[in-house]
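S.K.: Sharing a structure, written as structure tokens. Questions coming.
Bear in mind that the values in this text are calculations on the coordinates, not laboratory data. No experiment lies behind these values; they were computed from the predicted model shown. Cβ: placed from backbone, ideal geometry, glycine included. Neighbour counts: every protein chain shown.
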Amino acid sequence: MKRLYLFVVVSGLLFAGAADAQYPVLDMVAQKVIQKYQQSTCEQLWQQKNEPKPPMEQEVIQKLRSDPQMSTEFINRVAAPIANEMFQCGMIP
């Protein structure tokens, strides 16, 4: 339920701010995603990795894939913190 709520908020914020050239809302969304990774235990991250994605999360991912500029900006903001946490948890070499 918590993940569903997060992605409802994420999708609303993401697309409300998509028209803004500097993506300030995207920055807030990216911060929420980063916080999720930083505040989750390794066990929680492993468990979530194997769970199917909720429909709202799939929709957000689809929208990011359809807008290369927005997806690039999103990845630029979240990649390092997420990769660092995944490395610490042994999820990537």
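S.K.: Considering segment 44-93 alone, what residues qualify as being assigned to a helix (DSSP H, G or I), over 12 Å from the mean Cα position of the chain (by Cα), farther than 21 Å from Tyr23 by Cβ and not basic (Lys, Arg)?
M.R.: Gln44, Leu45, Trp46, Gln47, Gln48, Asn50, Pro55, Asn84, Glu85, Met86, Phe87, Gln88
S.K.: Just need a number here: residues in segment 26-82 that are surrounded by fewer than 13 Cβ atoms within 10 Å (Cβ to Cβ), more than 22 Å from Ile92 (Cα to Cα) and not basic (Lys, Arg).
M.R.: Within segment 26-82, residues that are surrounded by fewer than 13 Cβ atoms within 10 Å (Cβ to Cβ), more than 22 Å from Ile92 (Cα to Cα) and not basic (Lys, Arg) number 6.
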